[in-house]
1. Can you compute 3J(HN,Hα) from phi for each residue in segment 125-137, using the Karplus curve 6.51 cos²θ - 1.76 cosθ + 1.60 with θ = phi - 60°, rounded to whole Hz and x for Gly and Pro?
2. Full-extension gain between Ser379 and Arg286, please, as 0.36 nm times their residue separation minus the C-alpha to C-alpha distance.
3. Ranking request for peptides 283-289, 354-360: highest mean number of other beta-carbon atoms within 10 Å first, then the rest in descending order.
4. Nearest 5 is fine: what % of DSSP beta bridges in segment 237-388 come out antiparallel, could you say?
5. Under a Cβ-only charge scheme (Lys and Arg +1, Asp and Glu -1), can you give me the dipole magnitude of segment 177-334 about the Cα centre, in debye to the nearest 20?
6. Length gain on complete extension for the stretch Asp167 to Ala127, per 0.36 nm per residue less the alpha carbon to alpha carbon distance?
7. Read phi for every residue in segment 230-242 and hand back ³J(HN,Hα) as whole Hz from Karplus 6.51 cos²θ - 1.76 cosθ + 1.60, θ = phi - 60°, with x for Gly and Pro.
8. Compute the distance in nm between two label points, each set 7 Å from the Cα along the Cα-to-Cβ direction, one at Arg73 and one at Ser243.
Amino acid sequence: MQLARGDRRTGRTAGPSARIVRVGGVLAAVVGTLAVAAPADGRSVHDRDIGWPAALRQSLDLPALDGSPCRERTTRAKIRLQGRVSDREPPLRGLLRYGEADVWGSSWYTNCDGGRLQIGVAGGAPAAATRRIVRRLRDRLDERGLTEDVRLVAVRSTYKQLVTEADRIGTTVVPGALEAEHVSTDIDTTRNAVNVDVYDTATPAELTALRALVRDSPVNITLHVEAPADPGAPIPEYAGAISLERGAVDRSGRDVRVRVDDQSCASDETFDSAARFAGVSVRRGRHAWILSSRFRVNPTWPRASTCEGVDDPRLVVRTTIRLPARLGRRGIVDGSAGEREARPILLEPEGADAIRSLVPRFRYSGALCDVPAVERAFSGRAKSAWCSV
């Protein structure tokens, strides 16, 4: 179990994926993105007033959601906590959404509260019903020994309200803008907000309408406006996914044959991954060689792709990399995935201490979890703490 629900965003875009702005659902390739804050009289993720009666919230001991970004790292203790919660958690939606009233504000893990599961409780329901729902939920958590592992927080809106507002953007606020790839929307449950990305193709009228939405909407709206394209800017890059054939690895040598998968799904369906492949870099870690692969973005990509899930050999690049020194006792890991994820281990190092040292920054998965040396190194520990199934 890892931070599967951490910093969760539920995408609602014009297509399965998007070019430069979204590669793998991350706003990582945008140069000069500007976040537009809500006016003072609009809803904001930083508002102290989230629509809850202060006396009711205080009587229920519900802190208001902190919408600040979390930059804490994953630890073994946090992974163990989340595995425990995953195994025992009660039916949250049944209690908070489909019971006496809908107060379901979604749930997510955060590293900034010791890895605890956060459960959003929305205001708006009758006070008596809210009290009963919160009391019932806390009783269920206590019965399952999760009182210290789960935090209830007060949020402005229910998840259903966020979805409804996100849907309204494309049908009423800026009709046709999603289909024209001028904007995309998703739901950021960690901020109890609808996130709207406005691309440089949006019209002034659409931007005006969206800014009015930020001011007038009953839910939190975060607006991100893409800066005009700079023809002189460097071409953005994004990560690939590395794998290798275990049987072909020679620990006495320096050369390693790897496969790099282009996870952009080609976007414009030209399947030009080999031409855009930027290479694999190598760093020396204490117990592993850390590989990072990159592909260059194609600036002519359309906003949305229609080839999600395509399995085509042209999306794969095979290459041989040369390590700075022989492989030796070190393992090999894929460091391409990003700082907030537990990245995959491709080859375990030799020695139990070295095998354990890679977790939690990296994770064993698949057949590696069944390698005898790896199983022995983690003997007595829950498999969910070190293996991604």
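1. 7, x, 4, 5, 5, 4, 4, 5, 5, 5, 4, 5, 5
2. Values: separation 93, 0.36 × 93 = 33.48 nm, distance 2.26 nm.
Using 0.36 nm per residue and subtracting the Cα-Cα distance, I get 31.2 nm.
3. Per-residue mean Cβ counts within 10 Å order the peptides as 354-360, 283-289.
4. 75
5. Working: 21 positive and 23 negative charges, 341 e Å.
Dipole about the Cα centre, nearest 20: 1640 debye.
6. Numbers: separation 40, 0.36 × 40 = 14.40 nm, distance 2.85 nm.
Full-extension gain reported as 11.5 nm.
7. My calculation for segment 230-242 gives 10, x, x, 6, x, 6, x, 10, 9, 7, x, 10, 9 Hz in order.
8. 2.9
Any read-out appearing in this document is the output of simple, stated calculations on the displayed coordinates, not a laboratory observation. Quick caveat: nothing in here was measured; it's all calculated off a predicted structure. Cβ atoms come from the backbone with ideal geometry, glycine included; neighbour counts cover every protein chain shown.
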